[in-house]
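Data first, discussion second: the structure below is written as structure tokens.
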Amino acid sequence: MPRATLHSWLATCGLLLPFAALADAPGASPQARPHDEEPVPLVIAHRGASGYLPEHTLAAYALAILQGADYIEPDLVMTRDGELVARHDNELGLTTDVAQRPEFAERKRTQAVDGVSLTGWFSEDFTLAELKTLRAIERIADIRPGNARLDNSLEIPTLQEIIDLVKTLQQSEGRRIGLYIETKHPTHFQQLGLAMEEPLVRILQRNGYADRDAPVYIQSFEVDNLKTLSALTQLRLVQLFGRGQPYDQQLRGSELGYEQMATAAGLEAIAGYAAGVGPEKTYVIPRDAKGNLGQPTDFVPNAHAAGLKVHPYTFRAENAFLPTDLRQGSSVADRGDIEAEIRAYLDAGIDGLFIDQPDIAVRLRAGD
């Protein structure tokens with residue numbers, strides 16, 4: 001699909017917004033290359049260009065690619081009929097119009113997901129055909145009202161549709177574009193008889209993604225999920241870090257928690273099954289008592305000593321998500337000095353970053 005054709009498609013859908021970042025971005029050829037030759041810092045479009053368009057939609061992924069992102073991040077959940085689709089949560093009420101669909105009113109229920117009681121509509125209660133009738137909505141419309149203008153206009157994409165988009169744009173952009181996939185709630189889906197590891201690996205292999213040099217990372221907050229994947233594929237795996245304890249470890253009665261995993265010894269253990277780590281960014285630079293950006297910890301050097309790449313999450317331009325000292329303007333929706341935040345993390349030695357506005361990181365990497 002030529003760039004002009006894609007622009008026409010975006011315009012037809014009301015998606016071609018006046019972003020300067022839509023200009024041509026330089027990049028390498030799309031052929032395979034060793035993963036140690038990837039750009040630094042690696043720019044990972046968090047849920048697509050989710051700072052500009054509703055998350056986990058083909059439009060958000062396409063815009064991220066046009067803005068120069070190296071990788072796009074699809075979070076995957078399972079449908080009742082075993083299909084992999086892109087949603088951050090298996091509960092659909094936050095990001096789709098399901099609550100306004102009377103034909104699905106009776107699907108609303110309460111269940112435990114990763115040990116937390118949730119009420120809503122769940123992906124595992126819908127077939128793919130049913131999910132395709134839903135439309136995406138903006139998750140944080142109070143902070144991103146512009147995104148909400150596109151509510152009810154965009155479908156929920158399958159993993160295969162995302163791969164097809166990436167391969168098409170990889171050719172038209174003339175550079176390699178990667179997939180940074182997260183398996184969401186893997187233990188939960190396994191308990192439902194919808195284990196996602198083997199279907200995921202099958203789809204990736206079918207599309208030519210099989211070895212460590214393929215432009216794919218697979219990430220998870222759980223541990224056993226990644227260890228299972230490490231036996232199924234040579235693709236690079238990434239251990240995510242939240243707070244508390246991974247759900248699979250909690251369920252099995254293990255004492256292993258993220259704080260222990262973040263020690264030098266814990267990172268060495270992770271290197272036995274993963275190629276990288278994705279810490280919540282305060283593992284790298286915490287905030288002080290006033291909410292200001294503090295000083296770097298030893299997380300990055302310890303991870304590098306273990307041979308792990310470090311890709312923290314999530315960088316967002318709005319004041320609501322920035323350290324107190326980097327906020328600008330009076331509204332939580334105003335943009336602050338995200339460039340200063342990114343520079344501080346680059347100085348701390350990170351190898352890549354998850355960002356909602358990938359054009360900012362691409363521009364900063366280019367020295368603009």
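The values are calculated or read from the model by the stated rules, or taken from the named source; none is laboratory data. Bear in mind that the values here come from a model prediction, so they are computed numbers and not experimental data. Positions of Cβ are generated from backbone atoms using ideal geometry, with glycine treated the same way; all protein chains shown enter the neighbour counts. When the accessible area is computed, the model is the full protein with side chains, heavy atoms only, and any ligands, DNA or RNA have been set aside. Shrake-Rupley method; radii C 1.70, N 1.55, O 1.52, S 1.80 Å.
When only C-alpha pairs under 8 Å and at least 6 residues apart count, what is the relative contact order of the stretch 317-368, in percent?
Dividing the mean separation by the residue count of the stretch 317-368 yields 28 percent.
Only helical DSSP H runs with n ≥ 4 go in: add -39500 (n - 2.57) per run for the chain, normalise by residue count and round the 222 nm mean residue ellipticity to 500 deg cm²/dmol.
Rounded to the nearest 500, it is -8000 deg cm²/dmol.
Excluding residues on the same chain fewer than 8 positions from K309, give the lysines whose Cα lies under 27 Å from its Cα.
K309 reaches K167, K184, K227, K281.
Below 8 Å, C-alpha to C-alpha, sequence gap of six or more: please give me the relative contact order for the stretch 39-130 in percent.
23 percent
Would you work out what percent of the accessible area of the stretch 205-295, with all protein chains in place, is carbon or sulfur (probe 1.4 Å)?
48 percent
Going by accessible area, probe 1.4 Å, with all protein chains left in place, what is the ranking of R252, R80, largest first?
R252, R80
Mind checking the alpha-carbon convex hull of the stretch 231-343 and giving the volume per residue in Å³?
About 135 Å³ per residue, rounded to a whole number.
Compute the separation of the alpha-carbon centres of the stretch 51-115 and the stretch 146-170 and state it in Å as a whole number.
Going from one Cα centre to the other spans 10 Å.
Ordering D288, D368 from largest to smallest accessible area (1.4 angstrom probe), what's the sequence?
If we order D288, D368 from most to least accessible, we get D368, D288.
Mind giving me the nanometre distance, one decimal, between the label points for A112 and Q295, set 7 Å out from Cα along Cα→Cβ?
With each label placed 7 Å out from Cα toward Cβ, I get 4.3 nm.
Counting only DSSP beta bridges with both residues in the chain, what percent are antiparallel, rounded to the nearest 5?
Just about 35 percent of them are antiparallel.
When the Debye formula is applied to the Cα atoms of the stretch 179-265, each taken as the same point scatterer, what base-10 log of I(q)/I(0) results at q = 0.15, 0.21, 0.25 Å⁻¹?
-0.57, -1.01, -1.27
Normalising by the residue count of the stretch 255-368, find the relative contact order in percent from Cα pairs under 8 Å and 6+ residues apart.
That works out to 23 percent.
Suppose every Lys and Arg Cβ carries +1 and every Asp and Glu Cβ carries -1, with no other charges. What dipole size does the stretch 136-287 come out with about its Cα centre, to the nearest 20 debye?
So the magnitude is around 300 debye.
How far is the Cα center of the stretch 249-268 from the Cα center of the stretch 186-244, in Å?
Spelled out, the Cα-based centre of one part sits 19 Å from the other.
With +1 on each Lys and Arg Cβ and -1 on each Asp and Glu Cβ, and nothing else charged, work out how big the dipole of the stretch 201-311 is about its Cα centre, in Debye to the nearest 20.
Here the size comes out at about 340 debye.
Quick one: Karplus J couplings for the stretch 298-311, per residue in order, coefficients 6.51, -1.76, 1.60, θ = phi - 60°, nearest Hz, x for Gly and Pro?
Ordered by residue, 3J(HN,Hα) equals 8, 4, 5, x, 5, 5, 5, 4, 8, x, 9, 6, 10, 10 Hz.
Rg/Rh for the chain: what does it come to with C-alpha atoms and Rh from Kirkwood?
0.94
Rounded if a/c is under 1.5, else prolate if a/b beats b/c, else oblate: with a ≥ b ≥ c from the C-alpha gyration tensor eigenvalues square-rooted, which is the stretch 54-113?
prolate
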